[in-house]
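What follows is one structure encoded as structure tokens, with my remarks underneath.
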Amino acid sequence: MKAVQLSATWDPRPGYTPRPEEVQRGKATMASLVWRHPRFSWEDVADPTPGPDEVLLRTVACGVCGSDTHCYETDADGYVLFSGPVKTPVICGHEYTAEVLEVGSAVQKLRPGDLVAGEGMLSCGVCEACRVGNPNQCSRLEMLGFSAPGAFAERMVAKERFLWSLNPLAERLGDRQRACELGALIEPIACSYNGMFVSAGGFRPGAHIAIFGCGPIGLGAIALARCAGAATIAAFDVSPQRRAVAVAMGADTVDDPTKIPAEERIRELSGGWGADMLVEAAGAALQTMPAIERAFAPGGKMVYLGRTGLRAPVLLDVLVSAAASISGARGHSGGGCFPRILRLLERGRLEVAPMITRRMHFEETLDALRISCDRSDAKIMITYDS
Ligand SMILES: [Zn+2]
Ligand SMILES: [Zn+2]
């Protein structure tokens, strides 16, 4: 079968010595410290066979993620920008939906013909982090499409415990393809859900919300904030195309933070109160922290979801004077993220369709990765032959 594969050169950065287990497994815990000169190519690979607790899948839709873009792009020294775990060569793609073709002997609920959305955080289920309810912090985490074979392939296998049925959504929509395209958005939206409602503990209806960065994570945060009863949503992004999508997703105001100071807009919109929750989904903490510090409402919460390897100065005194807090999160597993977003989609209570700004066929995946570097699209959706 055809698959899009990422390969790169193992060349640890000067000053970084990989740990023995990284060397032994050929897997970097932080890709940007080790993998250099990435290459994406078409490969002919053998069809995978499912183990007893796995299913064989035919991929139907898969989103191009900012993390894929971060593996495509490099810094001035040729290192990938992605800071998660990577083992190459690897079939990439992880925001996927698929049709079940075959089930292993120990699979309990799924049957051939079922449509599923899959989680990409492949937690072990055995380590302490997994067993206390933090699967995204699994000490033996594998990431689909980065350290384990992913979804930019015609077929793939996945364990039943990482899959959620899309059949009810397909029935409600009366359209299996559309259910799969919306279903492929669950993974990025679940990252926002995990940060806002699991890690930071959520907000009360009537809260003022500010979202920095209107890529898929920020857009997911806007849709969730609307759905959860935000009084106002102020969003910020430098890209005009993404600002337009943020309006369609339900933001009350969307500004270019280089033109209008974010803290001023937030104060204005909230009648001087400030933001009860601030979501940093820009990965630009150096630029966003000064505004965020000045925009906390009393008891306000900041959720950091963007990624950057750079340190950003923070005036911690505002956490004291505003009784504010900062929390971080990564991933989309556990916490009820996938099933609760599915419920909202099934009942038509979460509007996410405007996030898909471009559809491309599987054969165009390399072009899609290149185009994603422009950051003008919100989500490029790859679709496959049925
Ligand atoms: Zn992703
Ligand atoms: Zn684990």
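Restricting to region 371-386, and then to whatever is surrounded by 13 or more Cβ atoms within 10 Å (Cβ to Cβ) and either modelled with pLDDT under 95 or not aliphatic (A, V, I, L, M) (or both), can you tell me which residue is farthest from the chain's Cα centre (by Cα)?
The qualifying residue farthest from the chain's Cα centre (by Cα) is 384.
Would it be correct to say that residue 126 is more than 16 Å from ligand 2 (Cβ to nearest atom), at pLDDT 95 or above and aliphatic (A, V, I, L, M)? When the stated conditions are applied, residue 126 does not pass them.
The condition (being out of contact with any strand residue (DSSP E or B) (no Cβ under 7 Å at 6 or more places or on another chain), of a type outside the set (Val, Ile, Thr) and outside the structural domain of residue 227 (by TED's automatic domain parsing)) is satisfied by just one residue among 359, 307, 340, 311: 340. If we scan region 212-235, do we find a residue that is modelled with pLDDT of 95 or more, β-branched (Val, Ile, Thr) and in contact with a Phe, Trp or Tyr (Cβ under 6 Å, 6 or more places away or on another chain)? Within region 212-235, not a single residue is modelled with pLDDT of 95 or more, β-branched (Val, Ile, Thr) and in contact with a Phe, Trp or Tyr (Cβ under 6 Å, 6 or more places away or on another chain). Condition first: more than 18 Å from residue 209 (Cβ to Cβ), modelled with pLDDT under 95 and not assigned by TED's automatic domain parsing to the domain that holds residue 376. Can you find one or more residues in region 259-282 that meet it? Looking through region 259-282, none of the residues is more than 18 Å from residue 209 (Cβ to Cβ), modelled with pLDDT under 95 and not assigned by TED's automatic domain parsing to the domain that holds residue 376. Note on region 51-71: among residues that are hydroxyl-bearing (Ser, Thr, Tyr) and crowded, with 22+ Cβ neighbours inside 10 Å, the one that is nearest to ligand 2 (Cβ to nearest atom) is 67. In region 120-133, the residues that are closer than 16 Å to residue 147 by Cβ form Cβ pairs under 9 Å with partners that are basic (Lys, Arg) and within 6 Å of ligand 2 (Cβ to nearest atom), at six or more places apart or across chains, as follows: 123/140; 124/140; 127/140. The residue that is farthest from ligand 2 (Cβ to nearest atom), among those in region 91-123 that are farther than 20 Å from residue 189 by Cα and buried (at least 18 other Cβ atoms within 10 Å of the Cβ), is 99. Taken over region 159-173, the residue count meeting the criterion of being more than 16 Å from ligand 2 (Cβ to nearest atom) and either under 30 Å from residue 265 (Cβ atoms) or in a helix (DSSP H, G or I) (or both) is 8. Here region 126-163 is the region considered, the condition is being of a type in the set (D, E, K, R) and either within 16 Å of ligand 1 (Cβ to nearest atom) or closer than 22 Å to residue 58 by Cβ (or both), and the residue that is surrounded by the fewest Cβ atoms within 10 Å (Cβ to Cβ) is 161. If the condition is being among the acidic types (Asp, Glu) and surrounded by fewer than 17 Cβ atoms within 10 Å (Cβ to Cβ), then region 253-282 contributes 256, 264, 268.
Do we find that residue 75 is of a type in the set (Asp, Glu) and either touching a strand residue (DSSP E or B) at 6+ places or on another chain (Cβ under 9 Å) or without any contact (Cβ under 8 Å) to a residue 40 or more places away in the chain (or both) in this structure? Against the criterion (of a type in the set (Asp, Glu) and either touching a strand residue (DSSP E or B) at 6+ places or on another chain (Cβ under 9 Å) or without any contact (Cβ under 8 Å) to a residue 40 or more places away in the chain (or both)), residue 75 does not qualify. Would you check which residues across region 28-50 are touching a residue at least 60 places away in the same chain (Cβ under 8 Å) and crowded, with 20+ Cβ neighbours inside 10 Å and list them? The answer is 31, 32, 50.
All of (1) free of Cβ contacts under 8 Å to residues at least 24 places away in the same chain; (2) farther than 30 Å from residue 75 by Cα; (3) among the aliphatic types (A, V, I, L, M) hold for residue 315 with one exception: (2).
The values are calculated or read from the model by the stated rules, or taken from the named source; none is laboratory data. Every value quoted in this text rests on a predicted model; they were computed, and no experiment measured them. Neighbour counts are summed over all protein chains in view; Cβ atoms, including those assigned to glycine, are modelled from backbone coordinates with ideal geometry.
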